[in-house]
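Here the structure is laid out as structure tokens; the discussion comes afterwards.
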Amino acid sequence: MSFVTHLECAHCGQRYDALQIHNLCTACQRPLWVRYDLDALRKEFPKKALFGRPPTIWRYLEMLPIRDPKNIVSLTETITPILETKRLAAAFGVKHLYVKDESRLPTGSFKSRGMTMAISKAREFGITRVAVPTAGNAGGAMAAYAARAGMEAYVFMPEDTPVINQKECFLAGARTFRVNGLITDCGRIVGEGKRPKGWFDVSTLKEPYRIEGKKTMGLELAEQFDWELPDVILYPTGGGTGLIGMWKAFAELETLGWLKSAQKPRMISCQSDGCAPIATAFARGERFAKKFENAKTIASGLRVPAAVGDFMILDAVRESRGVALAAPEADIPKWMQLASAKEGIALCPETAVCLGALEVLLKRGAIKPNEQILIFNTGAAQKYPEAICEDLPQLDITKPIDWTAI
Ligand SMILES: *Cc1c(COP(=O)(O)O)cnc(C)c1O
């Protein structure tokens, strides 16, 4: 049982049979949307169907692409809490600042949303070997879900990917390779190896179902806000699946008539100035982004110099009357520390750039202090020991303690 009708190219509109395995559109090499029979959903999936269902992303099953729930490969993708901040909000001079804390998801980042969907779908198709290029967390999540499904996994990552990501892939039994290049080089390796090695390519947006997993962020958020969305969403953008998926969620919910207001959030795509292809294209008024040269950021999830879904991100940002902008790479540790010290919320470096962006947009008047502002904490700060360089003072127990130093 599924409400999926077909897949559809996001660029040329070419339709594809959802019962077949697909990657990109074969006509124009762009990503595919998963389309649903929203009229049937409206009749057969009323809001009240959610009542009493467990608090995981699978409560929205009818709006997801899995045909048989037996194929679901899950580590329990829990509904993540939305934390209202008071002290952090005050530091920015705003009234309502919320953090949706994705760090609690399996493998410590929201990549599990996309990967539980992709691997479940792969199981549904009978796929047994999967491969992915990764900036870090996608590899860890894919390795974990592939392990859970008993699939063979291959992960290719830039050699300077955070060490924790390297080790989590290894631990989960993935064949893990460090590559002396960028994620785009890793992507090329997976593309070339597909045929000789028999891999299914699970790359961001080259695999159509990861967006549907990330879409659950939008569904959850809407339900948590009682179907009235916040005014502004700040989202740290790498490949863009999350932003694209959320925007799709809002559009589907609107068609289903579940939203209380026609007003949808302004989507703010946040990047580091160390790798800002989307922000650059936005500033130039372009629909497609140029490859960002010499990409360098400790926010490894944002180190995507060329995104296949660039136009999908930019379309969503513009449709929402939002903006794409870059915040200073150098300020990442400062924002991480501020959030943690004010609220005890350990932000990943990717999300730290959202605070930088918030500061800029408040100054410009593009965000008003009384608006409802929501930031996605996309991963656990604990996965990035490299991002915090502070040396802690040491105590020498062979000497009397110097109490003036404490
Ligand atoms: C992958 C990743 C991002 C970027 O997500 P996209 O949806 O690909 O733009 C942001 N933060 C973290 C922690 C990530 O792992």
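Quick notes
- In order through segment 297-305: 3J(HN,Hα) via Karplus (6.51 cos²θ - 1.76 cosθ + 1.60), integer Hz, x for Gly, Pro: 7, 6, 7, 4, x, 9, 7, 10, x
- Of the residues 386, 371, 159, 168, the one with the fewest other Cβ atoms within 10 Å heads the list, and the complete ranking is 159, 386, 371, 168.
- Ranked by how many other beta carbons lie within 10 Å on average, peptides 265-271, 37-43, 58-64 from highest: 265-271, 58-64, 37-43
- 17 Å cut-off, amide nitrogen to a point 7 angstrom out along residue 319 Cα→Cβ, residues in segment 267-283: 267-269
- When both segment 275-306 and segment 364-406 are represented by their alpha-carbon centers, they are found 27 Å apart.
- Computed over segment 268-358, the ratio Rg/Rh where both radii use C-alpha atoms and Rh is Kirkwood: 1.00
- Along segment 100-116 the Karplus relation, 6.51 cos²θ - 1.76 cosθ + 1.60 evaluated at θ = phi - 60°, assigns HN-Hα couplings of 8, 9, 7, 5, 8, 6, x, 6, x, 7, 6, 4, 5, 4, x, 6, 4 Hz to successive residues, with x for each Gly and Pro.
- The ranking of 246, 336 from fewest to most other beta carbons within 10 Å of each one's beta carbon is 336, 246.
- Cα-based shape type of segment 21-78, given that a ≥ b ≥ c are square roots of the gyration tensor eigenvalues and the cut on a/c is 1.5: oblate
- Amide hydrogen neighbours beyond the local backbone of residue 372, cut-off 5 Å, H modeled: 231, 232
- Mean Cα-pair separation over length for the chain, i.e. relative contact order, pairs under 8 Å, 6 or more apart, %: 17 percent
- Partner aspartates and glutamates for residue 260 [C-alpha distance under 20 Å; skip if fewer than 8 residues away on the same chain]: 39, 44, 220, 223, 226, 228, 231, 252, 319, 371
- Cα gyration tensor, segment 205-245 - rounded (a/c under 1.5), prolate or oblate: oblate
- Relative contact order of segment 345-406, taken over Cα pairs closer than 8 Å and 6 or more residues apart, is 44 percent.
- Environment charge of residue 281, counting only residues whose C-beta is closer than 9 Å and scoring Lys/Arg +1, Asp/Glu -1: +1
- Whole-number percent relative contact order across segment 208-282, with pairs defined as alpha carbons under 8 Å at least 6 apart: 38 percent
- 222 nm mean residue ellipticity, helices alone, for the chain (DSSP H n ≥ 4; -39,500 (n - 2.57); rounded to 500): -10500 deg cm²/dmol
- Summary of packing: across the peptides 149-158, 299-308, 208-217, the per-residue average of other C-beta atoms within 10 Å ranks them, highest first, as 208-217, 299-308, 149-158.
- P(r) weight above 35 Å for the chain, C-alpha pairs, percent: 23 percent
- Of the GluC sites (Glu not before Pro) found in segment 293-348, the ones in coil according to DSSP and having at most 12 other Cβ atoms within 10 Å of their Cβ are 293.
- Volume in Å³ per residue [convex hull over Cα atoms, computed for segment 1-120]: 174 Å³
- Count of lysine pairs in segment 58-204 with Cα separation under 27 Å (8 or more residues apart, or interchain): 16
Values quoted throughout were computed directly from the atomic coordinates according to the rules given, and no laboratory measurement underlies them. Bear in mind the structure is a predicted one, so any value in this text is a computation, not a measurement. As a convention, Cβ positions derive from the backbone with ideal geometry for all residues, glycine included, and neighbour counts pool all protein chains shown.
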